Amino acid sequence: MVASIHCARSAIQAGSFRTILAVSLLAAAGSVGCGGGYYTEGKPATSEPTSSSTASSAPAADSSDGDFASKRDTIRRAAAAVDDGTAALASFVKESTGKRTVVAFVDLTAPEWKESAGLFVIVATAKTSDNTVLGHMMLGLPKLEPGVYEGSPSSKAAVLAVLLGEPKWDGKNPGASWSVNTGSYCKVTLRDAGSGNLEGEFSGKLVDNKGDQFVTIDTGYVFINKR
């Protein structure tokens with residue numbers, strides 16, 4: 001369930017991330033409300049998967065792939081038209097059924113350097129067209145340059161986290177899922193997007209702070225305005 005592409009195109013013309021937040025690709029509130037749309041119960045393996053595990057754990061391509069590509073292109077055009085902020089699109093997969101739910105996240109500010117973490121930090125929010133918060137995504141990167149960044153409990157070369165169904169971001173929330181938790185991993189690939197900006201793909205399996213549920217992002221896209 002997503003907002004119409006027609007509405008998202010209006011956001012492009014407006015050239016505002018706030019407009020994107022209001023209308024772009026988000027109407028997945030039902031999945032958050034029922035609690036079953038994103039999370040998979042049961043503890044994942046405690047060993048750290050290699051980067052190839054992302055492909056092996058992903059379901060076979062289905063009709064949503066083209067839909068994701070269309071939304072990705074819309075997000076890219078809109079994000080490239082403004083001067084700051086980050087837009088991301090994440091495809092969450094329910095591993096028991098293969099069902100995918102696509103959610104867009106937006107951060108209205110430039111990435112912030114956190115000295116204590118040694119990372120540039122992006123905290124993006126997903127909202128419906130009526131301004132209901134669906135959740136949050138945090139992305140941490142050691143540098144804003146093209147490259148491949150991988151994170152796990154033993155590597156902070158990239159840090160990815162999500163908190164769904166909560167109005168405010170709180171990384172300590174028991175339901176927050178992190179790439180640094182046991183059994184988790186993430187991979188972020190960035191390339192030059194022109195005008196000094198970055199774009200790329202991300203994926204991962206993120207275990208929550210309780211250690212008994214996890215979310216899988218089989219496909220993700222991010223556009224980072226560095227200006």
Counting only residues in region 102-120 that are in contact with a strand residue (DSSP E or B) (Cβ under 9 Å, 6 or more places away or on another chain) and part of a loop (DSSP other than H, G, I, E, B), the one surrounded by the most Cβ atoms within 10 Å (Cβ to Cβ) is identified as PRO111
Answer yes if at least one residue in region 176-186 is in contact (Cβ under 8 Å) with a residue 60 or more places away in the chain and among the aromatic types (Phe, Trp, Tyr), and no otherwise.
-> yes
| message | Against the definition (more than 25 Å from TYR149 (Cβ to Cβ), modelled with pLDDT under 50 and of a type outside the set (D, E, K, R)), how does ALA22 come out, yes or no? | response | yes
- Inspect region 186-202 for any residue being open to solvent by 10 Å² or more (accessible area, probe 1.4 Å), in contact with a Phe, Trp or Tyr (Cβ under 6 Å, 6 or more places away or on another chain), closer than 23 Å to ALA110 by Cα and not in a strand (DSSP E or B) and give the result as yes or no. no
Note on region 50-100: residues part of a strand (DSSP E or B) and either surrounded by fewer than 20 Cβ atoms within 10 Å (Cβ to Cβ) or modelled with pLDDT under 85 (or both) are LYS94, LYS99
Exception for PHE223 within (1) aromatic (Phe, Trp, Tyr); (2) open to solvent by less than 10 Å² (accessible area, probe 1.4 Å); (3) assigned to a loop (DSSP other than H, G, I, E, B) falls at (3)
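The values are calculated or read from the model by the stated rules, or taken from the named source; none is laboratory data. Predicted model, so just to flag it, every value in this text is computed and none were measured. For neighbour counting, all protein chains shown are included, and Cβ atoms are generated from backbone atoms with ideal geometry for every residue, glycine included. Only protein heavy atoms, including side chains, enter the accessible area calculation; ligands, DNA and RNA are left aside. Shrake-Rupley method; radii C 1.70, N 1.55, O 1.52, S 1.80 Å.
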